[in-house]
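First up is the structure itself, then whatever we jot down about it.
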Amino acid sequence: MDVDACKRRCRILTALAVFVLFTAVPRQGGGFAFSNDYPLSYFEFFEEKPSVAGVIRKIGPRAEARIKPFFEKAGLPYPSRRLAFVVLKEEKKLEVWTRYDGNWVHVRTYDILAASGSRGPKRKKGDYQVPEGIYQIVSLNPASRFHLSMKINYPNAYDLQMARNEQRSNLGGDIFIHGKTRSHGCLAMGNKAIEELFVLVAKTRPRNVKVVIAPHDLRKSDPALNLPSQPSWLPDLYGVIGRELAKFRLSEDAPEDSFSENNSKMRMTANPEATVPKEPPVINQPKVQEMLVRQNSEDGKAADLQQETVHLQ
């Protein structure tokens, strides 16, 4: 047996010993049972450097086997060249859309299993709010303690400008779409869902993935503008989000294909006073839209570079 093979065997035996030590718990009446709360990740067990490429090799085939049929059913090529995630906070949904032949086409919808906060944008660190606006995925984390995760570019240019106008600082950050079923200010999708989303983004490349986060479905009802301590710029922001959502129109006979791993509920407060208009709200704020588009373009280039130079090593 060569030295490398011996080292690999020793690492495997050590990993198994650690697994037994930390997961075996005494059982009433004698013997041991094993816990499902594993203390270490696969990469920590075997001392491998985590990478996006490694994740794609390990989980890509089974994740693609689940998601590709939705593209095939819609007659769409896979992988997509451009993607959009439409996040509806109150409805607890994440819609996946792909750009094809000049139009946005709906692929499928996932249930959001957990998030914190209520309607309204994120304004400071520690408020546990999910941001609202138009964002970009800027990095993929293959070694997340939430199975897998994808970071969005909060605060974006608009968030920073509004903070400067109000002389606010300490806006917070590190907002992720991730696995598992718990979250504080991020979006927990469950492990199977995040595997599919992670692979989709990796194959499409982060710079080509837009994330639109809305307080609720502004395609169906007006925004709530009676929030406690709401900022003066909130109508402008919701106008921008409403116009963006108008690009993503579900047909009336679209099948209900929402995917969820369990029945976990997200804590969100609803506004019973919202009305139902025929069209989404439109507020003439071209500078706001231009700012968001410019920032997302710049962040997309940075995300692409970051993925190539950091995660795909």
Worksheet item: Is it true that some residue in the stretch 158-165 is crowded, with 19+ Cβ neighbours inside 10 Å and under 16 Å from the mean Cα position of the chain (by Cα)?
Response: no
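Would you check if LYS58 is of a type in the set (D, E, K, R), modelled with pLDDT of 95 or more and within 20 Å of ASP101 (Cβ to Cβ)?
Working: of a type in the set (D, E, K, R): yes; modelled with pLDDT of 95 or more: yes; within 20 Å of ASP101 (Cβ to Cβ): no.
Answer is no for this residue.
Residues to consider are ALA74, ALA143, ALA84, ALA65; find the one that is under 13 Å from the mean Cα position of the chain (by Cα) and among the aliphatic types (A, V, I, L, M). Steps first, please.
Details: ALA74 fails: under 13 Å from the mean Cα position of the chain (by Cα); ALA143 fails: under 13 Å from the mean Cα position of the chain (by Cα); ALA65 fails: under 13 Å from the mean Cα position of the chain (by Cα).
Only one candidate passes the filter, namely ALA84.
Considering LYS192, LYS247, which residue is touching a strand residue (DSSP E or B) at 6+ places or on another chain (Cβ under 7 Å) and at pLDDT 95 or above?
On the way: LYS192 fails: touching a strand residue (DSSP E or B) at 6+ places or on another chain (Cβ under 7 Å).
Answer to the check: LYS247.
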Worksheet item: Taking interchain pairs and intrachain pairs at least six residues apart, which have beta carbon atoms under 8 angstrom, with the first residue in the stretch 165-187 and under 21 Å from SER232 (Cα atoms) and the second of a type in the set (Asp, Glu) and outside any loop (DSSP other than H, G, I, E, B)?
Response: LEU171/ASP159
Worksheet entry | Residue list for the stretch 102-121, restricted to those being of a type in the set (Val, Ile, Thr) and over 29 Å from GLN230 (Cβ atoms) | VAL105, VAL107
Discussion item. Could you go through the stretch 140-158 and let me know if any residue there is modelled with pLDDT under 95 and within 18 Å of VAL212 (Cα to Cα).
Written reply: no
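The values are calculated or read from the model by the stated rules, or taken from the named source; none is laboratory data. The shown structure was predicted, so the numbers you read here are calculated from the model rather than taken from an experiment. Please note: Cβ atoms are built from the backbone with ideal geometry, for glycine as well, and neighbour counts cover all protein chains shown.
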